[in-house]
1. Quick one: which strands (runs of 3 or more DSSP E) sit completely within the stretch B:103-186 and have at least 3 residues that are of a type outside the set (A, V, I, L, M) and touching an Asp or Glu at 6+ places or on another chain (Cβ under 7 Å)?
2. Restricting to the stretch B:110-119, count the residues that are more than 14 Å from chain A (Cβ to nearest Cβ) and surrounded by fewer than 24 Cβ atoms within 10 Å (Cβ to Cβ).
3. Out of A:GLY169, A:GLY233, A:GLY206, A:GLY258, I need the residue that is over 24 Å from B:ASN104 (Cα atoms) and touching a helix residue (DSSP H, G or I) at 6+ places or on another chain (Cβ under 6 Å). Which one?
4. Of the conditions (1) at pLDDT 95 or above; (2) surrounded by 13 or more Cβ atoms within 10 Å (Cβ to Cβ), B:PRO185 fails just one. Which one is it?
5. Please enumerate the residues belonging to the stretch A:188-210 that are within 8 Å of chain B (Cβ to nearest Cβ) and within 24 Å of the chain's Cα centre (by Cα).
6. Here is a list of conditions, (1) more than 10 Å from chain A (Cβ to nearest Cβ); (2) over 17 Å from B:GLY144 (Cβ atoms); (3) of a type outside the set (S, T, N, Q); (4) part of a loop (DSSP other than H, G, I, E, B), and B:LEU4 meets all of them except one; can you say which number that is?
7. Name every residue in the stretch B:23-60 that is farther than 11 Å from B:TYR73 by Cβ, among the charged types (D, E, K, R) and under 22 Å from the mean Cα position of the chain (by Cα), in order of residue number.
8. Here are the criteria: (1) in contact with a Phe, Trp or Tyr (Cβ under 8 Å, 6 or more places away or on another chain); (2) crowded, with 19+ Cβ neighbours inside 10 Å. Tell me which single one A:SER100 does not satisfy.
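The values are calculated or read from the model by the stated rules, or taken from the named source; none is laboratory data. All of these numbers come straight from a predicted model, not from anything done at the bench. In this analysis, Cβ positions are derived from the backbone assuming ideal geometry, glycine residues included, and neighbour counts consider all displayed protein chains.
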Amino acid sequence: MDKTPRTLPRKSATFDDYTLSEIRRAASTGIYDIRGGGAKRRLPHFDDLLFLGASISRYPLEGYREKCGTNVVLGTRFAKKPIELKIPITIAGMSFGSLSAQAKEALGRGATIAGTSTTTGDGGMTPEERGQSKTLVYQYLPSRYGMNPDDLRKADAIEIVIGQGAKPGGGGMLLGQKISDRVAAMRCLPKGIDQRSACRHPDWTGPDDLEIKINELREITNWEKPIFVKIGGARPYYDVALAVKAGADVVVLDGMQGGTAATQEVFIEHVGQPTLACIRPAVRALQELNMHRKVQLIVSGGIRNGADVAKALALGVDAVSIGTAALVALGDNDPHFETEYNELGTTAGSYDDWHEGRDPAGITTQDPELAKRLDPVKAGRRLSNFLKVMTLEAQTIARANGKSHVHNLEPEDLCALTVEAAAMAQVPLAGTDWIPGRGGY
Amino acid sequence: MNELDLHKVGVRGINSQLHSLPKNTNEKHWVIHNPKGQHSIAVGLDAPLQIDIRGHVGFYCGGMNKDAELTIYGHAGVGTAENMMSGVIWVKGNSSESAGATGNGGLLVIDGDASSRCGISMKGIDIVVGGSVGHMSAFMAQRGNLVVCGDAGDALGDSIYEARLYVRGKVASLGADCIEKEMRPEHLADLERLLKAANRKEKPSEFRRYGSARKLYNFSVDHADAY
């Protein structure tokens, strides 16, 4: 045997194992990869920020004795009936169709116990969801699947969806295998065919039309309901300014880590900006229009715990939304189903073929046998537990920074661990007073 | 007959008055004067009212209508009768883009021309246009009937689902997955009913029918060029 020293086999950083597997998959099937969820690549995120805490220059609040408020009021600009939530964490829009009726009910139950709102999705409002949700936001989407004035009046707020973080500029497609009789009936389409969701609204284009559309929805609902406008993280400074100009009560801003039911992998990973990069331009737009805290800002996309909540609020956000984390709290990707995930060619924690409707956890499916696995009462309780933990965590951090309300957190409570995060969040790099882009350098 | 002057009470005054009427009201007939092209007139109605609008209206007139019968004695702006659920909306003049968009039910009659995207994403509404419709009409149309007594612009019925399209004049071009289909007796009967409801004199036999080839119903990469 040749004893000449040899170098170890070396894999390319550019052509890594995942990339090679995708080339082989594409070559074999001739179709792009579709999946659910949000961006999986490593991105600058809230983990790259730290709170400073209090010492001599700031007084902390006593952890278990001194009050730290968490309530938030949404829709104070024009709506006759703004909604008040006990916590600044809401449940993001996810459709019946994409999710089972049981999962939608569980989201409503969990949100209601925790004192917050949940949101419909592209497919209309189900009685299960309305019945179990004290505060329900009704999405108004380009497809208008299931849209009707009766449900509009039953809603507590209306969210006009312009885009979402996973695919700003993209529509949607619910594949035929998830179209049950009930889903088909709610969407006025035959069973078993792919249901496309358009990327633009059918009866308005541009900010001037949006203003007229918002006005119409207010007229239909007698100016009672807060009107949210949801945008993906494309050009947050301009898009937030235009949403405010069009008359939004609340702007919902979704970064690229925000999940979707299904779209192309290439879209999820290569279009849109990270959540962290979107917040400061959005807040700046509100401040320049003198609308910060008057038009509330909700941010979503990769919110996982109370620290993420506190950091988003410190950067100027009024509330956050969770989607992926809420599904995990219900039981999505639970190692309990590892054997079945393996049979689907994946592993717990990585399962993202939500569009195929074979979710072992019974959440992203319309298969009645799989859907039965999710107990809406127990799953709702898990979600409310999770929401409460997140809230307690955010309060813990706020008190440690001397704040009697989570909304009193501010950028000067933060520092950044990386130059990138410092530049995006516009807070100083840890150990310095340097904020990239400020003061001419 | 009750009269409302939009110039005096504004759009909010009109809508709040009409919304306040119970479904079994005796005050069924209302006339709206001086609409002056304002947007969102008579939207979200939920009672069997008869409403005459004396003049031109802006965007979304009659939006999400249920049960009411509106007649617009003038031209209408974008999104007339959008997402209508039931009832009748009758435009005596022309209507702008996206007339009847996403409508679920009821009858929309436009005596004049409609613009582009007429019947876009329609979900069960019947639309009869006395004149012509613009490009991309019946885009992604899901259900219901669109009758065009004049001509249709480019890409008629692009990505259409199960809606039925009847055109008497020329079709500039058909959109993806939209084809001409056989006119069977049940279609002629349906068309006769719709033309009669819209007070049209044209004969069903003068029309041609278009609908979905159903080739794009389930995604296949071999059809990628069609999009």
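1. Output list reads B:143-148.
2. Residues meeting the conditions: 3.
3. Being over 24 Å from B:ASN104 (Cα atoms) and touching a helix residue (DSSP H, G or I) at 6+ places or on another chain (Cβ under 6 Å) holds for just one of A:GLY169, A:GLY233, A:GLY206, A:GLY258, which is A:GLY233.
4. Among (1) at pLDDT 95 or above; (2) surrounded by 13 or more Cβ atoms within 10 Å (Cβ to Cβ), B:PRO185 violates only (2).
5. A:ARG196, A:ALA198 - these are the residues of the stretch A:188-210 that are within 8 Å of chain B (Cβ to nearest Cβ) and within 24 Å of the chain's Cα centre (by Cα).
6. With (1) more than 10 Å from chain A (Cβ to nearest Cβ); (2) over 17 Å from B:GLY144 (Cβ atoms); (3) of a type outside the set (S, T, N, Q); (4) part of a loop (DSSP other than H, G, I, E, B) applied to B:LEU4, the lone miss is (4).
7. B:LYS36, B:ASP46
8. For A:SER100, the exception is condition (1).
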